[in-house]
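My questions all concern the structure below.
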Amino acid sequence: MESRLYDTSLPIGNNIDVTNTKCDNGSILSRYADELTSKEYITNPAIAREEEIKKAILVLLTPEKSCVLVGKPGIGKTAIVEGIAYKIQRNEVPDALKNYKIYRVNTTALIGEDDGENRVLKLVNELKNMERVILFIDEIHTLIGSDSQGALDLANMFKEGLSRGTIKMIGATTTDEYNRYILRDKAFLRRFDKVDVMEPTSEMCAQILMQTLPKIEKQTGVKLPYTNFVNENIIKFIVDITSEYNRVYENASRYPDVALVMLRQAFSNAVYENNKEVTFKNIYDAIRFSKAVYPDVIKKYLVKFKDLFEEELTNENIKVDIDNYIK
């Protein structure tokens, strides 16, 4: 069995398998990153994002250029990077990109020092001894303008590796943060090409949820036990109720995240009740207690829910109380 090194002070998901890498125990990558290309993917993590993946790969293949994904929160920018890692695993990338490793770096941890030495600079020095590496830095704007002596010139710090072409970077940030912080950083703009990531359509979102179901089922150990027709109607209903004008304004999330949260909540409800299958009561509770959708929208959609799934609700002896749905 391969040995694994974990930093238990970090949240789950930030730990990596450092087997067969050049990282030692004190390395920044082993402490503050996880390798996406060694991750097990149950399904394609970047469903319906082939166009964005192709654009990002084309940027990565351009000499002295790296990529920054820009879009609204919750639309799946991280999933696109995981989609590239998934393709690298399956050798479905151009030859020039084969055998690359993608490391997702914990940006919050990078903003700090180890024994008085800047962690970003330590990472730069570590990467000098590595090749065929792609760094993924989410919320990359947090590393720009954060240095106490002035702007932290991230692009120039990685200049040597970027110039050699052996180190590539993928950044991700929101549209607002890109306009606020990154546009004013000339060094960054010289070395990073922007790839716009748009919010999926309702049809794309439904496709994403349907193809993500096997992953959620494996993660929770719970099944959505109905026919494909009923499952598709459940997914379409969740997508409809979480559409743009139904969302609470303060809730910044977009498709597919806002719909995935409601779907996952139904599974969480089943896990809480020690069920091995999701019931319509679990789905009903996920809908009626949602904080992402306006209360009057929930009430209106529960009428549709009651009519659309009348047979299933009757079979499971579930009463949908429209007037007192919160109780």
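Residues being surrounded by 24 or more Cβ atoms within 10 Å (Cβ to Cβ) and part of a helix (DSSP H, G or I): count how many of those fall in region 64-79.
Of the residues in region 64-79, 1 are surrounded by 24 or more Cβ atoms within 10 Å (Cβ to Cβ) and part of a helix (DSSP H, G or I).
Can I ask one more? Would you mention how many residues in region 173-194 are surrounded by 20 or more Cβ atoms within 10 Å (Cβ to Cβ) and under 12 Å from SER66 (Cα atoms)?
Of the residues in that region, 2 qualify.
Could I ask something else about it? Tell me, yes or no, whether region 24-32 has at least one residue that is modelled with pLDDT of 95 or more, part of a loop (DSSP other than H, G, I, E, B), surrounded by fewer than 22 Cβ atoms within 10 Å (Cβ to Cβ) and in contact with a helix residue (DSSP H, G or I) (Cβ under 6 Å, 6 or more places away or on another chain).
no
Hey, can you tell me all the residues within region 85-123 that are part of a strand (DSSP E or B) and surrounded by 15 or more Cβ atoms within 10 Å (Cβ to Cβ)?
LYS101, ILE102, TYR103, ARG104, VAL105, ASN118
Further question on the same structure: Evaluate region 256-266: report whether one residue or more is crowded, with 20+ Cβ neighbours inside 10 Å, modelled with pLDDT of 95 or more and more than 29 Å from THR175 (Cβ to Cβ).
yes
Also, I was wondering about something else. Of the residues that sit in region 144-188 and are in contact with a Leu (Cβ under 8 Å, 6 or more places away or on another chain) and aromatic (Phe, Trp, Tyr), which one is modelled with the highest pLDDT?
It comes out as PHE188.
Among (1) free of Cβ contacts under 8 Å to residues at least 24 places away in the same chain; (2) over 24 Å from the mean Cα position of the chain (by Cα), which single condition is ASN231 missing?
(2)
While we're on this one: Select, from GLU35, GLU82, GLU2, GLU51, the only residue that is surrounded by fewer than 16 Cβ atoms within 10 Å (Cβ to Cβ), of a type outside the set (Gly, Ala, Ser) and modelled with pLDDT of 95 or more.
Just a single option satisfies the conditions, and that option is GLU51.
Let me ask another. Looking at region 305-327, which of its residues are hydrophobic (A, V, I, L, M, F, W, C), touching a Lys or Arg at 6+ places or on another chain (Cβ under 9 Å), modelled with pLDDT of 95 or more and not in a helix (DSSP H, G or I)?
ILE318
From the list ILE170, ILE208, which one is in contact with a Pro (Cβ under 6 Å, 6 or more places away or on another chain) and buried (at least 19 other Cβ atoms within 10 Å of the Cβ)?
ILE208
The values are calculated or read from the model by the stated rules, or taken from the named source; none is laboratory data. If you're wondering where the values come from, they're calculated on a predicted model, not measured in any experiment. Ideal geometry is used to build each Cβ from the backbone, glycine not excepted, and the neighbour counts take in all protein chains shown.
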